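Contents: one structure, followed by commentary.
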Amino acid sequence: MVEIRINTAAPEEVPTPLLAVGVRAGASPPGRLAEVAAPAISGGDFSGREGETALLYAGGAIAAQRLLLVGLGEDGPPSPEALRKAAAAAARRARSSGAREAALVVEGGGEEVRAAAEGALLGLYRFSRYKSNREAGDALEKLELLVDGAREEEARGGARVGRAAAAAAALARDLANEPSNTATPEYLAERAREIARRHGMGCTVLDREGIGEEGLAGLAAVGRAAQNEPRFIALEHRRGGEAPPVVLVGKAVTFDSGGISLKPSSGMEDMKFDMSGGAAVLGAMEAVGALELPLNVVALVPATENLPGGRAFKPGDVLRFRSGKTTEIVSTDAEGRLILADALSYARRYNPAAVVDCATLTGACVVALGHHASGLMGNDERLISEVRAAGEAVGERAWPMPLFEEYTEQIKGDVADIKNSGGRPAGALTAGAFLKEFVDYPWAHLDIAGTAYTKKDGGYRTKGATGVPARLLVEFLIRRAEEAA
C-alpha cells in the first residue's frame with residue numbers, strides 16, 4: 001500500500017514530481033499555484049466540475065514539476081465524499097503519469113485528511129495477482145498530504161484512521177475478489193488466524209465436527225454437500241474491560257450455486273462474492289486491531305460453500321436450530337439466513353451490547369435500492385440510527401426498511417415454526433424477519449447484495465468487490481469507543 005505522509009510545508013515550496021490540488025467550480029487554487037493554473041482556467045480547459053482533472057507543467061513557477069488540478073464541484077466546502085473522490089482521481093492520475101512520489105493539498109483537519117487518505121489508497125487499489133502480465137507494482141510509492149501546520153497533530157490522527165479504514169476495505173476487497181477455489185472456508189479461517197496473531201486477538205475456528213457439536217444446524221446443513229468443509233470463525237478483540245462486546249456477524253458463502261435450488265448459469269461466476277459480508281467483518285477486525293480500539297469486539301463468520309450433491313440439504317427438509325426453533329426449507333438458495341441464524345444464536349453467549357450483521361442476502365434488496373445503498377433493518381431504533389449515521393459519514397449509505405409483523409406472518413411454516421422463504425413479495429424484509437426470530441438483544445442487519453461488488457470503476461471504487469461495509473463498521477466501532485471513553 002502506498003505510503004502516506006503529512007507535510008506542513010507551503011504547497012508552492014514542495015519539490016515533488018506532481019502536486020495535486022482540489023479546485024471548486026469557479027475558483028482558483030491558493031497562492032502561486034493560481035499563476036500556474038490560470039491559463040487552463042481562463043482558457044476553459046478546466047472548470048472545476050467534480051472528477052475533472054487537468055495536468056499542467058509548472059515551468060519553475062513553483063517547486064513542483066507538474067501541477068494537477070482536480071475538480072471538487074460546486075462552490076462551498078467539499079464533503080468528505082467529494083474529497084475521497086478527488087483524492088482517488090489525483091492518486092490515479094499521478095500513477096498513470098509514472099510519478100513515484102506526489103503531494104496533495106488538503107484544506108482542513110483530521111476529517112478531511114482521513115477522507116483524502118481513504119480515497120487515495122482505495123482509488124489505487126487493484127486486484128491483479130492472477131494476471132501474468134500484471135504491473136510489477138504501483139508506480140506511486142509515496143503520497144504527501146499537505147496541511148496547515150496549526151492542525152498537524154489532528155491531521156496525523158486523521159491519516160492514521162484513514163489508512164486503517166482503507167486497509168480494512170482493501171482486505172475485504174482482496175478476500176471477496178479471490179476465486180472460490182482459493183477463498184475456501186478454511187482459507188478465510190487462516191486469514192482470521194493471521195489477524196489474531198498480528199493484533200493479539202482470540203481466535204476460535206470450528207470444523208465440521210465442531211459445528212455439529214455446537215448445534216449449528218444451518219451451517220451444518222448448507223455445508224454438508226461441499227468437499228471444502230465449512231468453518232465457523234470467531235475473533236475476539238478484548239480492550240474494553242468488563243463491558244459487554246459489540247458483535248459483528250458476516251455471511252461468508254464462499255460460492256453459492258443455489259444448492260438443489262440451482263441458480264441460472266448466467267452470472268453465476270459472481271457468486272464468489274457471496275462471502276462479502278464475512279470479508280467486510282474480517283477487514284473491520286484488521287482495522288480494530290491496528291487502531292487498538294478500547295472496546296470489546298467479537299466477529300463471527302459462518303463460512304461454507306452451497307453446492308448440490310447427494311448429501312445436499314433439500315427443499316422440504318426441516319432443521320432444528322440450537323434455540324429449539326424449527327425451520328422448513330422452501331428453497332436451498334435461501335441459505336444465507338440459515339447460517340446467519342446460527343451465528344446470531346451463538347452471539348447470545350457474549351451478552352452483547354449490540355449485534356450488527358452484514359450479508360449479500362437477497363436479490364430483492366437490489367430491486368428495492370439498486371446499487372446505491374444497503375438495506376438496513378433491525379429491532380433497535382437507536383442502533384439503526386447509529387449504523388446509518390456511520391454509513392453516511394464514510395460514503396457507504398444504508399437505508400432503513402421496516403420489519404412489520406406482517407412480514408413475519410409471511411414466513412410462518414406449514415410443518416415447522418417458520419420457513420426460510422416468504423416468496424417474492426418483500427423478499428428482503430421477509431429475510432430480515434427470519435433473522436429477527438433468532439435475536440433477543442439490540443440488533444441491526446445490513447443487506448449488501450447491491451453494494452458489495454460493482455461492474456465498473458467509479459470514484460474510489462474499482463470493478464469487483466467494493467469492500468462495503470467494512471469502513472461503515474470501522475466508523476461505527478470508532479464512535480462506540482469514543483462514546484465509551
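The values are calculated or read from the model by the stated rules, or taken from the named source; none is laboratory data. All values derive from a computational prediction rather than experimental measurement. Using ideal geometry, Cβ is built from the backbone for each residue, glycine included, and neighbour counts are taken over all protein chains shown. Ligands, DNA and RNA are stripped out before the accessible areas are found, and what is left, the full protein with its side chains, is counted by its heavy atoms. Shrake-Rupley method; radii C 1.70, N 1.55, O 1.52, S 1.80 Å.
Worth pointing out:
- A count restricted to the range 22-35 and to residues that are surrounded by 20 or more Cβ atoms within 10 Å (Cβ to Cβ) and not in a strand (DSSP E or B) stands at 2.
- Residues (in contact with a strand residue (DSSP E or B) (Cβ under 7 Å, 6 or more places away or on another chain) and either assigned to a loop (DSSP other than H, G, I, E, B) or surrounded by fewer than 24 Cβ atoms within 10 Å (Cβ to Cβ) (or both)) located in the range 440-449: Y441, P442, I448
- Qualifying positions in the range 7-21 - open to solvent by 30 Å² or more (accessible area, probe 1.4 Å) and of a type in the set (G, A, S): A9, A10
- Pairs meeting the criteria (first residue in the range 182-200 and farther than 19 Å from P230 by Cα, second residue surrounded by 15 or more Cβ atoms within 10 Å (Cβ to Cβ) and of a type in the set (D, E), beta carbons under 9 Å, at least 6 apart or on different chains) are I195/E286; A196/E236; R198/E286; H199/E286.
- Residues that are modelled with pLDDT of 95 or more and within 11 Å of I6 (Cβ to Cβ), drawn from the range 117-150: A117, L143, E144, L145, L146, V147
- Odd one out for A38, checked against (1) farther than 26 Å from E392 by Cβ; (2) among the hydrophobic types (A, V, I, L, M, F, W, C); (3) surrounded by 15 or more Cβ atoms within 10 Å (Cβ to Cβ): (3)
- Filtered residues of the range 230-245 (kept if in contact with a Phe, Trp or Tyr (Cβ under 9 Å, 6 or more places away or on another chain) and of a type in the set (A, V, I, L, M, F, W, C)): F232, A234
- Taken over the range 414-434, residues that are among the hydrophobic types (A, V, I, L, M, F, W, C) and part of a loop (DSSP other than H, G, I, E, B) amount to 3.
- When A165, A103 are screened for being touching a residue at least 40 places away in the same chain (Cβ under 8 Å), of a type in the set (A, V, I, L, M), within 25 Å of E482 (Cα to Cα) and open to solvent by less than 30 Å² (accessible area, probe 1.4 Å), only A165 passes.
- The sole residue among G108, G60 that is surrounded by fewer than 22 Cβ atoms within 10 Å (Cβ to Cβ), under 27 Å from the mean Cα position of the chain (by Cα) and at pLDDT below 95 is G108.
- Listed by first and then second residue, the pairs linking a residue in the range 63-92 that is on the phi > 0 side of the Ramachandran plot to a residue that is assigned to a loop (DSSP other than H, G, I, E, B) and of a type in the set (D, E, K, R), with Cβ atoms under 9 Å apart and 6 or more places separating them unless they lie on different chains, are G73/R24; G73/R49; G73/E50; G76/R24.
- Residues (among the small types (G, A, S) and open to solvent by 20 Å² or more (accessible area, probe 1.4 Å)) located in the range 462-485: A484, A485
- Test: P230 is touching a helix residue (DSSP H, G or I) at 6+ places or on another chain (Cβ under 6 Å), under 27 Å from L376 (Cβ atoms) and not small (G, A, S): no
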